[in-house]
Amino acid sequence: MDISIVIPLYNEAESLPELEQWIARVMKDNGFTYEILFINDGSTDDSWEVIKRLSRENPSVKGICFRRNYGKSPALNTGFLHAKGKVVITMDADLQDSPDEIPELYRMITAEGYDLVSGWKKKRYDPLSKTIPTKLFNAVARKVSGIKNLHDFNCGLKAYRGNVVKHIEVYGDMHRYIPFLAKNAGFNKIGEKVVHHQARKYGKTKFGLDRFVNGYLDLATLWFTNKFGAKPMHFFGLLGSLMFVFGLISTAVVGIMKLYHMYSGHAYSLVTDSPYFYLSLILMVLGTQLFLTGFIGELIVRNSQRRNHYEIEEELNI
């Protein structure tokens, strides 16, 4: 099969028939064999009934219905598990992503050898309250991920080489960082294509401004787990040791200063009267706690079932 199209959706019953017809026309015009995987994320409208009708009319239409709303990342991850195509395309169900982009995305994967191609909605039909935070968010994501050539991490229109989606796990709200997840899994040839962005035709957006706050928190989590997930002692142990040593030196300095004043005949006060003494103790306690956190983290990693899991691209005579 040439292409699997994974479409997560929530309450998009009005747009689904038009989207399916548009995709079917593009596939027929280009001679692609394909499947459409509609992932119904607990919709409360008639989305699932529409999907079942479309499946009866077009055998290439398949569907998965969640019992409740879990979010876009679990929907994508489920679609990836079931996708059978040589190339996997993801797109939103609200008709803001154009299926006419699919042939070029497919070509970039198969002919140019990209592992992943992300769409870039260079010209957007969104209010400033959405576009300005998006630009800031993408700038931070480029800096943290090291993927300098992507301008729109959150674009739903992406293309993947088939084995890429089988080697990444999309959870929580990590759908924003699939290129980062792919890079961490060893798929480094990541490209970008300017795609057409259309104004929403039906319904209203399902995302609020809180996604930007959550997005930065998820990015920090992804960066930390990628850098220190397998070696927490390198972060917590180092930071804890530095804090403990600094606190110990500070305590010694406070004590030495008191002894100096005692033996030189100067007026002196109790060590416990100095606020620096308590700050030093706090540093030592926090340093000890951070060190123990790293140590416990190491014990957990050592006993993890995936601690020796490495992505193997190819084997020979094994």
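Structure notes:
- Alpha-carbon Rg/Rh ratio, for region 1-46, with Rh computed the Kirkwood way: 1.03
- Estimated 222 nm signal from helices in the chain, with DSSP H stretches of n ≥ 4 weighted -39500 (n - 2.57), rounded to 500: -15000 deg cm²/dmol
- Rounded tilt (10° steps) of 72-82 against the dominant C-alpha axis of the chain: 60 degrees
- Principal semi-axes of the equivalent ellipsoid, √(5λ) from the alpha carbon gyration tensor of region 59-146, are 25, 20, 15 Å from largest down.
- Whole-number D in µm² s⁻¹ for region 228-295, Kirkwood Cα-pair radius fed into Stokes-Einstein, 20 °C, 1.002 mPa s: 164 µm²/s
- Mean Cα-pair separation over length for the chain, i.e. relative contact order, pairs under 8 Å, 6 or more apart, %: 17 percent
- P(r) tail fraction, the chain - alpha-carbon pairs more than 30 Å apart, %: 47 percent
- When only Cα pairs below 8 angstrom with a gap of at least 6 residues are kept, region 1-144 shows a relative contact order of 31 percent.
- Dipole check for the chain: with +1 at the C-beta of Lys and Arg, -1 at the C-beta of Asp and Glu, and the Cα centre as origin, the magnitude is about 480 Debye.
- Once the 1.4 Å probe is applied to the protein heavy atoms, the chain comes out at 55 Å² accessible per residue.
- Within the accessible surface of region 1-80, defined with a 1.4 Å probe on protein heavy atoms only, the carbon and sulfur portion equals 45 percent.
- Between 0 and 90°, nearest 10: helix 47-57 axis offset from the chain longest Cα axis: 40 degrees
- GNM result for the chain, Cα springs below 10 Å: residue of 252, 139, 13 fluctuating most strongly: 252
- Prolate/oblate/rounded call for region 1-144, Cα gyration tensor, a/c under 1.5 rounded: oblate
- Just checking the listed ones, 194, 271, 285: in the Gaussian network model of the chain with Cα springs under 10 Å, the one fluctuating most is 271.
- For GluC sites (Glu not before Pro), the sites in region 65-148 that DSSP calls loop and that have at most 12 other Cβ atoms within 10 Å are 112.
- Solvent exposure, largest accessible area first (probe 1.4 Å, DNA, RNA and ligands not counted), of 261, 196: 196, 261
- Pairs from 72/148; 86/123; 122/183; 158/231; 72/135 whose Cα-Cα separation, in the structure shown, is over 27 Å: 86/123; 158/231
The values are calculated or read from the model by the stated rules, or taken from the named source; none is laboratory data. From a predicted model like this one, the values you see are computed outputs, not experimental measurements. Neighbour counts are summed over all protein chains in view; Cβ atoms, including those assigned to glycine, are modelled from backbone coordinates with ideal geometry. Accessible surface is based on the protein model in full, side chains and every heavy atom, while ligands, DNA and RNA are left aside. Shrake-Rupley method; radii C 1.70, N 1.55, O 1.52, S 1.80 Å.
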